[in-house]
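What follows draws every value from the coordinates through simple rules; no lab data is involved. Note that the structure is a prediction, hence the values are computed from the model and not measured. Using ideal geometry, Cβ is built from the backbone for each residue, glycine included, and neighbour counts are taken over all protein chains shown.
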Amino acid sequence: MYYFPLQPPYFLLLVGFLTALTSGLALSGTLKVIVQKWPSDRTENTKPRSSLKQLLVPFIGITGGTCLFLSSGLEIFGFPSSLALGVGLPISLFTCLLVWLQLGSMMTFIEREGMKSLDLDSFS
């Protein structure tokens, strides 16, 4: 027998998408401000971990929005609520953790080597 929810969570799907989208815009703006401040802060000893603290709140918003979007989407396509959350939550958290670690390592690399080190066109 198939499971069809009586009230599919379309509203939660939209809320999760908009949360992730607006948090992504906030993360992008904050990241631009941090990168613009780097040349003026070269004289001071600033650690990249301090700049990552500024990105934590928008990134948590992206993680929460992604989790809500994925879980709601799975529930719309017929998964029971508990199974949709049980699948969506670990996938979202694990993916966002990997992206966070990659972001931190890239910011450390750029701060150490400079922006010119990311010029991928010079390799071809």
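The length gained on full extension between Lys37 and Gln54, counted as 0.36 nm times the residue separation minus their Cα-Cα distance, comes to 4.8 nm. Below 8 Å between Cα atoms, with a sequence gap of 6+, how large is the relative contact order for the range 10-116 in percent? Relative contact order for the range 10-116 comes out at 37 percent. Ranking of Met107, Met115 by neighbouring Cβ atoms within 10 Å, starting from the fewest: Met115, Met107.
Among the chymotrypsin sites (Phe, Trp or Tyr not before Pro) in the range 63-100, those located in a DSSP loop and surrounded by at most 13 other Cβ atoms within 10 Å of their own Cβ are Phe77.
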